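All remarks here apply to the structure that follows.
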Amino acid sequence: MKFVFPQNYDFSHKLLGIFDTSTLLVNGIWALFVFCFLNLFFSSLNIKIFLFIILVFPFLLFSIIGFNHENILYVVFYIAKYVKRPKIYIYK
């Protein structure tokens, strides 16, 4: 059986059909950073789990839902660009 894909079809590799590879990499690095930080400063397992969920889960949800399924790196780039020069976007 052959499948025909149109030329303008945007084929991108995604894990489970949700995460782009760059988004998955950013989420993994953030979770690893939070995990290492919590292991350095806290000894109670309950506090570690609670803070890990509080710090990682919102970022993970934002990556899944996002702005019209936009890549998380592009969203962070646009926000940083706006913070740097907000007048450009207001006057247009």
* Structure fact -> Sorted on mean Cβ neighbours within 10 Å (highest first), peptides 23-31, 53-61, 77-85 come out as 23-31, 53-61, 77-85
* Simple spin-label estimate for Ile65 and Phe77 in nanometres, 7 Å along Cα-Cβ -> 2.5
* Asked: Each residue of region 35-51 in turn: what ³J(HN,Hα) in whole Hz from Karplus with 6.51, -1.76, 1.60 and θ = phi - 60°, glycine and Pro shown as x?
  -> 4, 5, 4, 5, 5, 6, 9, 10, 10, 6, 5, 5, 5, 4, 5, 4, 5
* Cα convex hull volume per residue for region 17-56 (Å³) -> 60
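Throughout, read-outs are computed from the coordinates displayed, never taken from laboratory work. Note that this is a predicted model, so its numbers are computed, not measured. Virtual Cβ from ideal backbone geometry, glycine too; neighbours counted across all protein chains shown.
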